[in-house]
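See structure below.
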Amino acid sequence: MVDKTKAELQAAFADLTIIEESYPQCGYHLSVDLKAKDILEVAGFFDERHFYLAVELGVDYKDYLELVYIFSIHSSLCKVKVTLKLDPSQPAAPTLSKIYACAYWYEREIHEFYGVRFEGHPGLTYLFLHDGIDFYPLRKEKIPVSEKDRQELNSYSPALRDDSLFINMGPQHPSTHGVLRVVLKMDGEYIEDAYPVLGYLHRMQEKMAENRSYYQFLPNTGRMDYLGAMSFNLGYVTAVERLAGIDVPARAHYVRVIATELNRICSHLLWIGAYLADLGGLSPFLYAFDDRENIQDVLEAVTGSRLTYCYFRFGGLYNDVDDAFILGTKAVIARMRGRFALYEKLVGGNVIFINRTRGIGVIEKERARKYAVCGPVLRGAGIGMDLRKKEPYAAYPEIDFEVPIGTNGDALDMYHIRIKEMETSLNIIEQAIERLPDGPFIVEKAPKKLKPRKGDLYHVVETPRGELGIYIVSDESDKPYRMKWRVPSFSNLMIFPELAKGNLLSDAVAILGSLDLVIPEIDR
Amino acid sequence: MEKENLPPVSFAVLDKVLDLARANSLWPVTFGLACCAIEMMSAAMARFDIDRFGAGVFRPSPRQADLMIVSGTVTKKMAPVLVTLYDQMPSPKWVIAMGNCAISGGPFVFEGQYNLIEGVDKLVPVDVYVPGCPPRPEGLLEGFLKLEEKITGKRRFPGPVERW
Ligand code: SF4
């Protein structure tokens, strides 16, 4: 696939220099540096070949600004990094939002954090930041926002645009699970359009990463996605290990898998409870939390925390697991296996639930690709991409498991997929326990101070919500030069306005819930 | 007004009764901000069961609530919303700052930060601080007990006995 893509790309654009990169080191296969005028054609090339735009981001190298596009494909392993160098005093680039719908969102983000103008972009207004901010936060030097930009940035006011009825859902709304705000443009009971407004929990994580050493940033990862804290933790440590070339003992790999999968079950359980509560049924919430507490007990004994885990270290684990942990995990597996029948009775077979979710928020394959949705939402749409299988990390390559796939892509499918994923997780844990090797749980000489090689890396892992991508640029110091988090909830949220259009207001809740959003992860 | 015209009753006893009622039926507003909100939810669920203290009636509308648990990070974008919510709550009302973020900005304070309110007490008066990142549900329960003590002047349970 890589060779084929390279040949085709070369044939289509004769004067491009395509560099083959080492995938184990960088996380992508090919890299291309472009002129701004070519980007649309190159993106068109990838679009034709069913690539999706995994992430678009900016890096400030002081002499120039760089836009990085990572193109990837669901069906096989081939990643291409496309870069674009911009003049830092007047950064401007053409917009990709007409080709890839997700670029609309990424470009808004880059615009407010770097001040890059995207020509032809339909809505460059504030997305994350509050109106009072007067500089571009992620630029290395403090550059004030120009007056013209400021007016444009602050221009978001739907009520001024026309006299339809607007309904504010959030930022304090029980079904947005946190502080998401969605402005809904209504036509009677039907939704004409939806505008998510983000940033109510923007905690400056990416800026913070540039201010802290690799070690200091470690606890932040668990606070980004607090429901899948282990996965985020794992993503970060595996990314840095890959960048700095640290080996990890086999035992640590297996324990990582066990802990992450336990956490995945916790996360899905919470989703079931919260989703059903959104739809009006409170009792599943109590059952789900009961199960969750049991799992948390097991994890707490070894990690020391209940929610915002920070268990993994570069090169291994914080401490070893003991027999009590193994026994506890086995008990959890036995208990959970028996609970699925109960959930089926309580939820899956419930007529009200089925009628409220069947055929709601249907995601087709093509649309899923344009928006680069990921995780259970993508698999619900019928694309069986699971990064644990596609780009295996930790001990996943040695474990045998199935990836559940949906057929209709509606909210009901998302429920079934998440239930099946919990069963898959149980199988994974069981195998991992069986094969758990003896030996050290952390490398003997775990580095006290990290100074990874110069260069960049795009590393992905599968979190409970989907593809987490971490893009790190290292300048050989002990702090990352730039760290971008491509978070799964953000790309799953992007598709929401399209799904909501033409639906009833009450269904908007059902759709929003089915996407399983975690807001601090979107806002970062 | 002349002194003789004052009503000859004292409301002190009634106030006490009211306080007792208030302390035993705190209605929090459903207002989860970040990670700490999940522990707040845990506190309301079966194992920790905040209903034991009459405080399990989470209200989505601030107008029906008298307690705000600020459970998470308060950003500058969120601040006006938070203050509006607080203003909409009918008096008497109380605030619990749950977690380090709500107390002081917690782990997200660094030089040059541009989006954080370093402590919710800069916006609204706070009655009880519950430290932790996140605090355990038991911690939040203890916060409730403290608040009850603050309202009635008495602790519901005697404190832990020092035995050794
Ligand atoms: S105090 Fe810690 S757990 Fe609570 S919201 Fe802040 S970061 Fe999250």
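The listed residues A:HIS416, A:HIS50, A:HIS459 rank as A:HIS50, A:HIS416, A:HIS459 when sorted by accessible area, largest first, using a 1.4 Å probe.
Remark: accessible area buried at the A-B interface is about 3400 Å², both chains counted, probe radius 1.4 Å.
In the distance distribution for region A:367-479, Cα-Cα pairs more than 18 Å apart total 62 percent. Solvent-accessible area of A:ASP163, all protein chains in place: 150 Å² (probe radius 1.4 Å, heavy atoms, ligands and nucleic acids excluded).
For region A:312-351, what is the convex hull volume of its Cα atoms per residue in Å³?
On the way: hull volume 3.7 nm³, N = 40.
Taking the convex hull of the Cα positions in region A:312-351, it is 92 Å³ per residue.
One Cα centroid belongs to region A:235-283, the other to region B:114-162; the line between them spans 31 Å.
Using the Stokes-Einstein relation with a Kirkwood hydrodynamic radius computed over Cα pairs, the translational diffusion coefficient of region B:1-143 at 37 °C and a viscosity of 0.692 mPa s comes to 202 µm²/s.
How many angstrom separate the Cα center of region A:67-98 from the Cα center of region A:161-220? Rounded to whole Å, the Cα centres lie 25 Å apart.
Per residue, the Cα convex hull of the protein assembly as shown amounts to 192 Å³.
In this view, the solvent-accessible surface of A:LYS451, computed with a 1.4 Å probe and all protein chains in place, comes to about 130 Å². Between amide H atoms placed 1.01 Å from N, distances below 5 Å from B:ILE69 occur with B:VAL29, B:ILE96, all of them 5 or more places distant or on a separate chain. Based on C-alpha pairs under 8 angstrom that are at least 6 apart in sequence, chain A has a relative contact order of 17 percent. Of all DSSP bridge pairs formed entirely within region A:24-121, close to 65 percent run antiparallel.
Each part reduced to its alpha carbon centroid, region A:133-150 and region B:77-100 end up 31 Å apart.
When chain A is described by a simple charge dipole with +1 on each Lys and Arg Cβ and -1 on each Asp and Glu Cβ, the residue from A:HIS50, A:ASN427, A:GLY315 located farthest towards its positive end is A:GLY315. In order along region A:133-149, the phi-based Karplus estimate (6.51 cos²θ - 1.76 cosθ + 1.60, θ = phi - 60°) of 3J(HN,Hα) comes to 6, 10, 9, 8, x, 8, 6, 6, 9, 7, 10, x, 6, 6, 4, 5, 4 Hz; Gly and Pro are listed as x.
Quick check on the protein assembly as shown: of the DSSP beta bridges with both residues there, what percent are antiparallel, nearest 5%? Restricted to the protein assembly as shown, the bridges split so that about 75 percent are antiparallel.
In plain terms, if you count all Cα to Cα distances in region B:59-164 and split them into 10 Å steps from zero, the share in each step is 14, 40, 32, 10, 3 percent. Residues whose amide H comes within less than 5 Å of that of A:GLY409, counting only those at least five positions distant or on another chain, are absent (H built at 1.01 Å from N in the peptide plane). Couplings for region A:372-384, taken from phi via the Karplus curve 6.51 cos²θ - 1.76 cosθ + 1.60 with θ = phi - 60°, read 6, 5, 8, x, x, 5, 5, 5, x, 6, x, 9, x Hz in order; Gly and Pro are left as x. For region B:83-92, 3J(HN,Hα) computed residue by residue from phi via the Karplus equation (6.51, -1.76, 1.60; θ = phi - 60°) reads 5, 4, 4, 4, 5, 6, 6, x, 7, x Hz, glycine and proline entered as x. Largest first, the residues A:MET230, A:MET1 sort by 1.4 Å accessible area into A:MET1, A:MET230. The figure for A:ARG223 is an accessible area of roughly 30 square angstrom, using a 1.4 Å probe on the protein chains alone. The listed residues B:ARG22, A:ARG379, once ranked by accessible area (1.4 Å probe) with the largest placed first, stand as B:ARG22, A:ARG379. Its residues counted as N, region A:233-282 yields a C-alpha radius of gyration over 2.2 N^0.38 Å of 1.68. Extents of region A:280-420, taken as max minus min of Cα coordinates on every principal axis and listed largest first, are 46, 37, 26 Å.
The values are calculated or read from the model by the stated rules, or taken from the named source; none is laboratory data. For clarity, every value in this text was computed on a predicted model and none was experimentally measured. Every residue, glycine among them, receives a Cβ derived from its backbone with ideal geometry; neighbour counts consider all protein chains shown. Please note that ligands, DNA and RNA were not included when accessible areas were found on the heavy atoms of the full protein model with its side chains. Shrake-Rupley method; radii C 1.70, N 1.55, O 1.52, S 1.80 Å.
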